[in-house]
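K.L.:
Below you'll find the structure I mean.
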Amino acid sequence: TGSYAPGSAHVYTVEQSVSNSNILYAGSATAGAWKTTDKGGNWELITRDLDIGGVYALEIDFTNPDIVYISPFGGIYKSFDGGANWTVIGDAAFINLSPRISDMKLSPSNNLELFAASDEGLFKSIDGGNNFTQIMSGKFQEIEFHPNSVDTMYFIKEGNLKTEFYRSDDGGNTLTLYNNGWPNPASGDEQLRTEIAVSPAAPNKIVALATGSANGGSGLYG
């Protein structure tokens with residue numbers, strides 16, 4: 001009764017299955033994860049039996065739309081049956097960290113190779129999420145693959161009152177910082193959120209939407 005829009009929840013992420021374009025999954029701020037099998041005509045709540053609210057990130061196995069990963073405010077859940085049942089994945093050390101995942105990406109050439117950007121670092125699994133190793137510490141926000149190269153990857157990391165752009169040319173094993181032209185907030189400002197996207201139509205182009213606080217207020221850097 002205290003809400004201006006009772007029952008509403010904004011959506012953090014929507015992903016479409018590569019192998020079945022009719023199937024999409026969505027993660028919301030307070031209403032869990034949802035699934036459609038008719039390109040959005042009808043939606044089904046698939047986390048009703050889980051003790052979670054927000055779903056920040058999700059990823060769909062490109063070989064099988066029934067295999068899906070979701071991340072609430074800590075850890076990762078995996079389903080092998082389209083969201084009917086869920087299992088918490090990761091080794092004991094990863095689970096105990098309870099990392100808050102902001103993005104997940106499967107390698108386009110290997111459906112067992114899963115990358116996770118989190119507030120506890122950048123992680124990689126080579127066995128479908130059973131075990132994770134940390135690639136780099138720090139708070140990571142975004143992961144993207146070059147459309148034509150599984151070896152070239154892009155990452156956004158949160159630094160000291162600003163975000164940082166990293167590129168890997170060896171499939172995520174090593175990362176290099178690139179900052180020529182990147183937003184650099186002035187004293188008293190901050191730039192703590194950046195979304196990046198790539199397109200097969202222009203495979204070498206990366207679009208970055210940078211937000212933060214400048215000139216005493218919040219807004220876009222560009």
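The values are calculated or read from the model by the stated rules, or taken from the named source; none is laboratory data. Computed from a prediction, not measured in an experiment: that's the story for all the values here. As a convention, Cβ positions derive from the backbone with ideal geometry for all residues, glycine included, and neighbour counts pool all protein chains shown. Surface areas here come from the heavy atoms of the whole protein model, side chains and all, with no ligands, DNA or RNA. Shrake-Rupley method; radii C 1.70, N 1.55, O 1.52, S 1.80 Å.
K.L.:
List the strands (runs of 3 or more DSSP E) inside region 86-195, counting only whole elements, that have at least 2 residues being over 28 Å from D51 (Cβ atoms) and open to solvent by less than 30 Å² (accessible area, probe 1.4 Å).
P.N.:
139-146, 149-158, 163-168
K.L.:
Got a sec? Which of G83, G54 is surrounded by fewer than 20 Cβ atoms within 10 Å (Cβ to Cβ) and part of a loop (DSSP other than H, G, I, E, B)?
P.N.:
G54
K.L.:
Quick check on this structure: which one of N64, N110, N22 is over 18 Å from F140 (Cβ atoms) and touching a Lys or Arg at 6+ places or on another chain (Cβ under 6 Å)?
P.N.:
N22
K.L.:
Cβ-Cβ below 6 Å, separation at least six or inter-chain, first residue in region 29-48 and more than 14 Å from D66 (Cα to Cα), second open to solvent by 100 Å² or more (accessible area, probe 1.4 Å): which pairs?
P.N.:
As it stands, the answer is A29/H10, since those pairs meet every condition given.
Let's see how each residue does on (1) farther than 14 Å from K162 by Cβ; (2) touching a strand residue (DSSP E or B) at 6+ places or on another chain (Cβ under 6 Å):
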| residue | (1), (2) |
| --- | --- |
| W182 | no, yes |
| D189 | no, yes |
| E195 | yes, yes |
| V198 | yes, yes |
| N204 | yes, no |
| V207 | yes, yes |
| A210 | no, yes |
| S213 | no, yes |
| Y221 | no, yes |
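K.L.:
Which of the numbered conditions does V207 fail, given that it passes all the others? Conditions: (1) open to solvent by 60 Å² or more (accessible area, probe 1.4 Å); (2) farther than 29 Å from N110 by Cβ; (3) of a type outside the set (S, T, Y); (4) under 18 Å from the mean Cα position of the chain (by Cα).
P.N.:
(2)
K.L.:
Next question, about the same structure. Residues that are outside any loop (DSSP other than H, G, I, E, B), of a type in the set (S, T, N, Q) and surrounded by fewer than 17 Cβ atoms within 10 Å (Cβ to Cβ): does region 65-74 have at least one?
P.N.:
The answer is no, given that none of the residues of region 65-74 is outside any loop (DSSP other than H, G, I, E, B), of a type in the set (S, T, N, Q) and surrounded by fewer than 17 Cβ atoms within 10 Å (Cβ to Cβ).
K.L.:
Can you go through A31, A5 and tell me which one is crowded, with 17+ Cβ neighbours inside 10 Å and at pLDDT below 95?
P.N.:
A31
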